[in-house]
Amino acid sequence: MKKNLAFLLLLAVLLASCKQKDDSMEGMTLPIDKNATKETVLLYNRLFDSMQKGIMVGHQDALAYGHSWYKEDGRSDVKDVAGDYPAVVGWELGHVENGAEYNLDSVYFSDMKRYIKQTYDRGGITTASWHGDNIVTGNTTWDCAQDSVVRTILPNGSNHQKYLTWLDKVGDFFLSLKDDKGSLIPVVFRMYHEHTGAWFWWGSEQCTPEEYKQLWIMTVEHLRDKKKVHNLLYAYSPSETKDEAHFLERYPGDEYVDIVGFDCYANGSDSTAVARYKKALDHNLKIVTDYATKANKVPVIGETGMESIPYNAYFTDAVYSVISRYKIAWVLFWRNAWESDKPGHFYGPFAGHSSAPDFKEFVAKPDILMNNDIKQ
Ligand code: BMA
């Protein structure tokens, strides 16, 4: 009898705690993973909310290295210039699939985990991309001489089983991201990006729209349903597209995507390059934000930049004058390479660079949000 009473008491406590979780989630927009952790659902809703305040600044690899420095704890080029961390930090998983200790840009995965936790602890947001190797040739992600890699990865393909082991490694990485309480840290996974271009093995000339969609769906279903990774939001980010039909040509469906975006770069260094870039940003922002409104998704700029920032008003003129006309969650600037053989490969400001004053002006705008602006 006593045992029964204890059991009933336990049941009551459990039910009460479940109810508490439900109550706090009431009215929230659910991501495509109906078993997403509470923190993931909260992040998704935070993204919708933050768009009403402004646009978050993101920087790729911000905490691991910067222009001419590598691994200095607490440092970030953006912080050196503007006194605060970017609100969004992007990371790159390439080579996690091989079980490597560090990624293709020499960031140790153990360090990446630490940086992701630091970002989470200070209220920032993490997104990840994945330049996975070509499973057929063993070469890099940029080996796109074949048009059959995706086909061999799909169910019944010769590399299907092996590819699932790669997805397991990706999943293990996400499942290893824990906060102090042991809860999983939510991450936005921007996978198979820039697929309307033809420079990765999943690109437009490397697979058919149907194959691309199947690859996407298979990946979501493997991570979410088989591997039980429930701390992810999924972001779809082609490179520039012509119109909505082009944007959606390889779209796997609303039930497989949480966030919609695009990648867009200023190619060249003269005023024509800036004019073309502004036009492209505007054009793609219209496509993506219109679709996001219709489908109730979060719109972002997945990657952008002007290599070496040859235009001193790049941030306020080329970027802000266009993006401020739209509601998007973030704009992510690509990495500031640390490698000595890539001195001009940077897209964010760094202390002493001629674009630094302009970046300060950019982040001082009330609708441009840095880490401290989004702390809760
Ligand atoms: C590219 C370049 C490369 C890098 C890759 C993955 O755009 O920055 O140097 O290896 O992204 O991060």
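Given the condition of a type in the set (A, V, I, L, M) and either under 22 Å from residue 119 (Cα atoms) or open to solvent by 30 Å² or more (accessible area, probe 1.4 Å) (or both), answer yes or no: does some residue in segment 357-366 qualify? Checked segment 357-366: at least one residue is of a type in the set (A, V, I, L, M) and either under 22 Å from residue 119 (Cα atoms) or open to solvent by 30 Å² or more (accessible area, probe 1.4 Å) (or both). Just one of (1) surrounded by fewer than 19 Cβ atoms within 10 Å (Cβ to Cβ); (2) within 24 Å of residue 270 (Cα to Cα) fails for residue 353. It is (1). Inspection of segment 215-233 identifies no residue that is buried (at least 18 other Cβ atoms within 10 Å of the Cβ), closer than 19 Å to residue 303 by Cα, under 18 Å from the mean Cα position of the chain (by Cα) and of a type in the set (Phe, Trp, Tyr). Considering (1) away from the ligand (no atom under 16 Å from the Cβ); (2) in contact (Cβ under 8 Å) with a residue 60 or more places away in the chain; (3) not in a helix (DSSP H, G or I), the lone condition that residue 126 does not fulfil carries the number (1). Based on this model, can you work out whether residue 63 counts as surrounded by 21 or more Cβ atoms within 10 Å (Cβ to Cβ) and part of a loop (DSSP other than H, G, I, E, B)? It is true that residue 63 is surrounded by 21 or more Cβ atoms within 10 Å (Cβ to Cβ) and part of a loop (DSSP other than H, G, I, E, B). Taking the criterion of being touching a Ser or Thr at 6+ places or on another chain (Cβ under 8 Å), of a type in the set (A, V, I, L, M, F, W, C) and assigned to a helix (DSSP H, G or I), the residues of segment 341-376 that qualify are 362, 374. The condition (being on the phi > 0 side of the Ramachandran plot and away from the ligand (no atom under 16 Å from the Cβ)) is satisfied by just one residue among 352, 305: 352. Cβ separations smaller than 8 Å between residues 6+ apart or across chains give the following pairs from segment 322-341 residues that are within 16 Å of the ligand (Cβ to nearest atom) and open to solvent by less than 30 Å² (accessible area, probe 1.4 Å) to residues that are part of a loop (DSSP other than H, G, I, E, B) and aromatic (Phe, Trp, Tyr): 333/347; 334/347; 335/346; 335/347; 336/346; 336/347; 336/350; 337/346.
Among the residues of segment 137-170, the one identified as within 16 Å of the ligand (Cβ to nearest atom) and part of a helix (DSSP H, G or I) is 170. Within segment 258-315, the residues that satisfy the criterion of being among the β-branched types (Val, Ile, Thr) and buried (at least 22 other Cβ atoms within 10 Å of the Cβ) are 259, 260, 287, 288, 298, 300, 301, 304, 309. Under the condition of being in a helix (DSSP H, G or I), away from the ligand (no atom under 16 Å from the Cβ) and either without any contact (Cβ under 8 Å) to a residue 24 or more places away in the chain or of a type in the set (A, V, I, L, M, F, W, C) (or both), the residues counted in segment 80-113 number 3. Per the listing 120, 212, 192, the residue uniquely surrounded by 21 or more Cβ atoms within 10 Å (Cβ to Cβ), in contact (Cβ under 8 Å) with a residue 24 or more places away in the chain and over 21 Å from residue 90 (Cα atoms) is 212. Can you name the residue in segment 76-116 that is among the hydroxyl-bearing types (Ser, Thr, Tyr) and open to solvent by less than 50 Å² (accessible area, probe 1.4 Å) and is also nearest to residue 364 (Cα to Cα) among such residues? Looking at residues that are among the hydroxyl-bearing types (Ser, Thr, Tyr) and open to solvent by less than 50 Å² (accessible area, probe 1.4 Å), I get 85.
The values are calculated or read from the model by the stated rules, or taken from the named source; none is laboratory data. Fair warning: this is a prediction, and the values are worked out from it, not measured in the lab. For neighbour counting, all protein chains shown are included, and Cβ atoms are generated from backbone atoms with ideal geometry for every residue, glycine included. Calculation scope for accessible area: heavy atoms of the full protein, side chains included, ligands and nucleic acids excluded. Shrake-Rupley method; radii C 1.70, N 1.55, O 1.52, S 1.80 Å.
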